[in-house]
Amino acid sequence: MRVGATDLPVLKPFRAGPIAPSGLAAPLLLSAGLIAGAAIVFAGSLALAQATGPATRDSAVTILWRWAPLIFQGFLFNLLISFLSMALGTAVGVLFGIGQVSPSAALRKPAWAATQFFRNAPWLVLLFYAMFLLPFEIRLGPISIAFPAWIKAIIGLALPVAANVSEIVRGGIRSIPSGQWESAESLAFSRRQTMWMIILPQAFKRMIPPWMNLYAILTMATTLISVVGIQDGLTVTRAALVAESRPELMLPMYLLLLLMFFAYCYPIARLTMALERRFNVKG
Amino acid sequence: MSQMIAAFFERLNDTQGLNFSIFYDAFDRSRFLTGLWTTTYICVASILASLAIGLIGVWIAGSGSRLGRLLVRTYVQFFRNTPPLVQLSFFYFAVGGVLPTVSDGFGGQSPLISGTGWAIIAFSLFAGAFNVEIFRAGIEAVPETMVEAAESLGYTRFQLWRQIVLPLAFRICLPALNNNLVNLVKTTTLAYAIGVPELLYAASQIWSEMFNVREMMNVLLVVYVLLVGVLVWIMHRWEKAMRIPGYMP
């Protein structure tokens, strides 16, 4: 008789194939379905435009082909703005967030008030605020720092980002069990050391998913700069529609822009969800 | 009283150069109040509609139909991952442009759905997509055993939802819902882009005529923070009133 085997009439272990698509297959299937759905809607709108447009002039596909690179350039400008204001907002927001958990009330209360104020004000109003109230240049003696409109827009978008990052940082720090603080204290770590060497490294991991979420929201909010007269993807789309003056092209043109944003933001959303799930399990 | 306030702000303008025209100029005040009313109207209408969309969406997503589930997922992902301003432009210019116009009775043609109407539709769909996800998370948090117990007692799916799942799920997802509705109130400023005479639009009209950008900007920010504050206060009251002792954290 062989060791480790049995000839008793028992059910042999077997591996059943998955009944429903699971693991990697399910999100892939869902993504494929979403992309297919979006493509069908877009193609449908294009066909509609093609069919209803005047036969004597350029076809809808030709016009779209002509404008797509320009719209894409505008979209890239949106992304540039989103990178810069995210960087600025994160830098300021981290300071505010750490300020919010400071033991000194003189630091904590203003940080809290500023966070609440900028978090509860509409993004568009803050953008107007920055556009109208910032000077177009700052003179520091002989040097003058110019503030063109797009830099003001970056600052305007960075204000709400900073407030949201501040809340993310505060939440992340708060989510670390207080035992960590106490044991660090018992090991004679100073408060600053505890924060930098113990709390923040742990909290950092938990802050990544909400931070990415905020980035996706900011990317979508960058279209607001078209309202204050900066040339972004939405402005270019509108200009294209005005230039062609073909009302039946509006549906596919706007859908094209929507799909560009979707193609960029949807993977971020999926990644955020995946990270959230992973960090949840490890705790 | 109102005379005194008007006199105070008029003096403030004369002596300090701080021009809060909405407090002493009847025309500006009425414009501003109209804007405030429009914003409130859009907020309330889209909050109610988005809640309805969230409920319907989560109902379809939870039913057995595979197609229904796919449709709801597509809707949610699409509206969550595209800019609300482009959505609004899409609805107002593109869809609104395709729709037929109706005669307004004075020989002119007016669009079937006004700018305000499109704003409400676009914001409801935008916030509704988030609400579907929020309600789903709440429903998933309802203990499975409770649903099973109710099923074993012969509840139909509708009864089960109405009497057991939704009341519990609603309490669980109130904080997240709170966040989303606050976000919706802030999103209503986008209606400015399609010329709906809401608060931001009214304020911009005033500051372009009176040249009091700084003052109006601050008034605007304070008004929005107050509006959000009122909503948060109502939601907190509600949250407290619906709390089940010992069940929820």
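Okay, here's what the table says:
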| quantity | calculated |
| --- | --- |
| Condition met for A:ALA43 (under 25 Å from B:GLN77 (Cβ atoms) and more than 12 Å from chain B (Cβ to nearest Cβ)) | yes |
| Residue match in the range B:170-181 (condition: touching a helix residue (DSSP H, G or I) at 6+ places or on another chain (Cβ under 6 Å), within 14 Å of chain A (Cβ to nearest Cβ), among the polar types (S, T, N, Q) and at negative phi) | yes |
| Condition check for B:PRO167: within 14 Å of chain A (Cβ to nearest Cβ) and over 21 Å from A:ALA121 (Cα atoms) | no |
| Checking B:GLU148 against (1) surrounded by fewer than 16 Cβ atoms within 10 Å (Cβ to Cβ); (2) within 14 Å of another protein chain (Cβ to nearest Cβ), the condition it does not meet | (2) |
| Residue in the range A:22-39 that is touching a Pro at 6+ places or on another chain (Cβ under 9 Å) and modelled with pLDDT of 80 or more present | no |
| Helices (runs of 4 or more DSSP H) (entirely within the range A:169-283) containing at least 1 residues that are under 22 Å from A:LEU95 (Cα atoms) and more than 10 Å from chain B (Cβ to nearest Cβ) | A:178-186, A:200-221 |
| Helices (runs of 4 or more DSSP H) wholly inside the range B:143-249 that include at least 1 residues being within 27 Å of B:TRP118 (Cα to Cα) | B:166-187, B:199-210, B:213-241 |
| Criterion: more than 22 Å from the chain's Cα centre (by Cα), surrounded by fewer than 20 Cβ atoms within 10 Å (Cβ to Cβ) and of a type outside the set (Phe, Trp, Tyr) - qualifying residue of B:ILE56, B:ILE139, B:ILE60, B:ILE113 | B:ILE60 |
| Search result, residues across the range B:63-102 that are more than 11 Å from every other protein chain (Cβ to nearest Cβ), surrounded by fewer than 20 Cβ atoms within 10 Å (Cβ to Cβ) and in a helix (DSSP H, G or I) | B:GLY68 |
| Residues of the range A:221-246 satisfying the condition of being of a type outside the set (Gly, Ala, Ser), crowded, with 20+ Cβ neighbours inside 10 Å and in contact with a Ser or Thr (Cβ under 7 Å, 6 or more places away or on another chain) | A:THR222, A:ASP232, A:LEU234 |
| From B:THR39, B:THR15, residue being in a helix (DSSP H, G or I), hydroxyl-bearing (Ser, Thr, Tyr) and either farther than 30 Å from A:PHE262 by Cα or touching a strand residue (DSSP E or B) at 6+ places or on another chain (Cβ under 7 Å) (or both) | B:THR15 |
| Contacts under 8 angstrom Cβ, first residue in the range A:104-117 being basic (Lys, Arg), partner in a helix (DSSP H, G or I) and at pLDDT 90 or above, 6 or more apart | A:ARG108/A:GLY99; A:ARG108/A:GLN100 |
| Contacts under 9 angstrom Cβ, first residue in the range B:206-222 being on the phi < 0 side of the Ramachandran plot, partner among the charged types (D, E, K, R) and assigned to a loop (DSSP other than H, G, I, E, B), 6 or more apart | B:ILE206/B:ASP25; B:MET210/B:ASP25 |
| Filter result for the condition that a residue is buried (at least 21 other Cβ atoms within 10 Å of the Cβ), within 14 Å of the chain's Cα centre (by Cα) and touching a residue at least 40 places away in the same chain (Cβ under 8 Å), over B:LEU200, B:LEU231, B:LEU227 | B:LEU227 |
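Quick grid of which residues meet (1) more than 9 Å from chain B (Cβ to nearest Cβ); (2) over 17 Å from A:THR222 (Cα atoms):
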{"position": "A:PRO122", "(1), (2)": "no, no"}
{"position": "A:MET131", "(1), (2)": "yes, no"}
{"position": "A:ARG139", "(1), (2)": "yes, yes"}
{"position": "A:ILE143", "(1), (2)": "yes, yes"}
{"position": "A:ILE154", "(1), (2)": "yes, no"}
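The values are calculated or read from the model by the stated rules, or taken from the named source; none is laboratory data. Because the structure is predicted, anything quoted here is derived from the model rather than measured. Methodologically, a virtual Cβ is constructed for each residue, glycine included, from the backbone with ideal geometry; neighbour enumeration extends over all protein chains shown.
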